[in-house]
Amino acid sequence: MASSSSRQKSREDYRRAMELEEARKAGLAPAALDEDGKEINPHIPQFMTTAPWYMQSDGPTLKHQRNWKKEVEDAEEAKEAAKGKDQWYQRGKKTFQATKYRKGACANCGAMTHKTKDCLERPRAKGAKWTNKNIAADEHIAEVRLGYDGKRDRWNGYDARDFAKVQQRYEKIESAKQEEAKKRELEEKFKDEGGGEGDGEGEFLLKDEEEAGFNKVEKRVRTTAGGATGSVRNLRIREDTAKYLLNLDVNSAHYDPKSRSMRADPNPDLPDSEKNFRGDAHLLREGEVQAWNRLVLHQGQLSGAGQGHHMQALPSQAEALYKEFKAKKEKVAAKSKTNVVDLYGNAAREDKIDQRLLVGQMERYVEYNRRGQVVKGEENRVASRYEEGVMVNNHTSVWGSWWHDGVWGYACCRQTMRNSYCTGQAERDEGNHGEAAGTAAREVAVGAGGDGRKMLKPRGAGEASASAGAAGYQGKQQTWGEHQEVALDEEKLKVALAKEGERVKARAERDERKRGYNSLRGEGEGNDMTPEEMEAYRMKKMRADDPMLKFKDLGDDDDDVLR
């Protein structure tokens, strides 16, 4: 270990000291000794073994780490010397009996070992200081030094031999009781004419009145250990099986031999009809115990909220509050049940269930993850973006319930405008399909605003649709493929395929954010697509489910596509 010497070490001395320290830590060299000749642990850090400068120590020592108080050292030495000896206060021992009062003694009894305020005798009318009579003897003052555990030992100073006197006393009482009972039994036998001779050595038997006292609970106050404790005489009758013999499994219910209690059920697997004992704690789960526990819990919750009352101070008020709480709780539960039944119905009631609820039921199972994606099952997709079964603008049918000449409308009045009001059955019977209402609306708009904005005319209605005739709609139906057999011109189809190819390439290179306002409008007459253009679009369209998609080249010749 390092030295606390103030002289300067050379490099060689420092190296030797470090080698010696390493050897001591490895166990190759003996440990260093302090001033008292005790070994110093080589693993103790240097800052702990090095003594301060004012200790004037020349070598490693741990003296500065110990307690320097001489009184503590003397107490430890006295404690070590007193090991194995019984040292305690000699209660009631007297040392010296004086015949006259001494100066400085107790003014009440005349003893020198205590003051007047600490005297334990009854205060005299005239103390020994003035009467100089009945001088009390001096007590024996014993100085017992105890440690931390000794001061807190409840059995410190107890002599186990004193308990033998208690045992002898109770044995004498018990033997006297047995002799008296035996004598009384013999007298009853001799008085009885038909009684036989007794052997004179009969066992002391208990009567039924005495057996009834075994389950009696007695209170024992101010015991030897101090405080108030309860002693339960829970002795069993000899004909009954002991609790600890009901189940011999070591992992079964715990049996406390001191109180003779087994709180848990020793045989929880057996039915109640075959059990004679279900544990001492089963009484806490039956009768009015649970109601009392709920009352205490309710008062505790109210006390936590600052609204409760003390159970012992106001028991009637606490019970009244609990009854009021239960009534309110039942009322709220009944209201909640009624609301649920009104909302979802009751399957147990006798009246017939609404068929709309039965039709709306399904067994589809869909499972989602945290991000809202479908993990299992199939999600129910809405077929329409419009709300179903909603009647607007005084219509009696929904939008899209009628179809005529390529446009949708209302079946009630056959109006083809989405936001138009219903004109009733009269407009429908005339067969103009809402044209009169549309014309009147346009005239009102023009008359009111002069050169104001005109109402948009629906496609397929008015003079434009009449002049177009049936040929326009027939071409539109052919264009969108409603007829299976369509006559296509090969030359026009080749031109349409070339235009479609250029359009697809331009679309791949063009930024959609910079397209023109009318870029989506067609290039034919009336801005309508021809059947050849529609066929070219279908032929050039790329589909993800096409198995030959990887082998398809957009740069192929249109003649190859036609072949």
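The values are calculated or read from the model by the stated rules, or taken from the named source; none is laboratory data. Predicted model only: the values in this text are computed from it and were never measured. Note that we place each Cβ from the backbone using ideal geometry, even for glycine, and neighbour counts take in every protein chain shown.
Checked against the criteria, H309 counts as modelled with pLDDT under 85 and either assigned to a helix (DSSP H, G or I) or touching a Leu at 6+ places or on another chain (Cβ under 8 Å) (or both).
Exactly one residue out of E185, E143 is in contact (Cβ under 8 Å) with a residue 12 or more places away in the chain and of a type in the set (D, E), and it is E185.
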